[in-house]
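Asker: To start, I am sharing the structure in question, which I have written as structure tokens.
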Amino acid sequence: MKVSSSQNVLTISGNIKSVSHAHLLADEISEIIKDFKEIKIRILDSISITSSVIGYLCKLASLGHTIELHVTNKELCSLLDDLNLTQLLKVQHIAA
């Protein structure tokens with residue numbers, strides 16, 4: 001997994017599948033929320049996302065942060081919808 005950020009946009013390529021990935025993402029997002037209330041996360045090709053990342057994003061949303069997930073994988077979008085997270089995390093399917 002590779003992560004890059006610019007302003008309030010975090011771009012993730014590769015699968016999000018391990019605890020170390022979750023820690024890395026939490027650290028990156030923690031830096032972004034120091035300066036921004038709105039966070040845009042682009043998940044470019046992951047077919048999964050760990051429950052700890054989902055929990056962290058839900059916690060941030062409950063604390064008043066606006067989270068937008070822009071996801072390229074249709075199955076991941078469908079999973080997030082099945083978990084009733086589409087509105088809370090503003091999930092959008094985008095072209096790769």
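Asker: Farthest toward the dipole's positive end in the stretch 28-69, which of 57, 46, 69, given Cβ charges of +1 (Lys, Arg) and -1 (Asp, Glu) about the Cα centre?
Answerer: The residue sitting most towards the positive pole is 57.
Asker: Now for a separate question. Of all beta bridges DSSP finds with both residues in the chain, what is the antiparallel percent, to the nearest 5?
Answerer: Once the DSSP bridges in the chain are tallied, antiparallel ones form about 30 percent.
Asker: If you plug each phi of the stretch 6-19 into the Karplus form 6.51 cos²θ - 1.76 cosθ + 1.60 with θ = phi - 60°, what whole-Hz ³J(HN,Hα) values come out, in order, with x for Gly and Pro?
Answerer: 8, 6, 9, 10, 10, 10, 10, 10, x, 6, 9, 9, 10, 5
Asker: Out of every Cα pair in the stretch 1-46, what percent are spaced more than 17 Å from each other?
Answerer: On the way: 263 of 1035 pairs.
Looking at the stretch 1-46, the distances longer than 17 Å represent 25 percent of pairs.
Asker: While we're here: [x] 1.65; [y] 1.31; [z] 0.91: which one is Rg/Rh (Cα atoms, Kirkwood Rh) as calculated from this entry?
Answerer: Read-out taken from this structure: [z].
Asker: Then there's this: Which whole-Hz ³J(HN,Hα) couplings does the stretch 32-37 yield from phi under the Karplus relation 6.51 cos²θ - 1.76 cosθ + 1.60, θ = phi - 60°, glycine and proline marked x?
Answerer: Karplus-based 3J(HN,Hα) across the stretch 32-37 equals 5, 6, 5, 10, 9, 8 Hz.
Asker: If you take the Cα Rg of the stretch 30-69 and divide it by 2.2 N^0.38 Å, with N the number of residues, what do you get?
Answerer: Normalised Cα radius of gyration, the stretch 30-69: 1.18.
Asker: Under a 5 Å amide H to amide H cut-off, with H placed in plane at 1.01 Å, what residues pair with residue 39 once short-range neighbours are removed?
Answerer: The list, which skips near neighbours in sequence, is 66, 67, 68.
Asker: Just how large is the dipole of the chain about the Cα centre, in debye to the nearest 20, putting +1 at every Lys and Arg Cβ and -1 at every Asp and Glu Cβ?
Answerer: The dipole of the chain has a size of about 40 debye.
Taken together, the values in this text are just the output of simple stated rules run on the coordinates, not laboratory data. For clarity, every value in this text was computed on a predicted model and none was experimentally measured. Cβ coordinates were reconstructed from backbone atoms using ideal geometry, including for glycine residues, and neighbour counts include every protein chain displayed.
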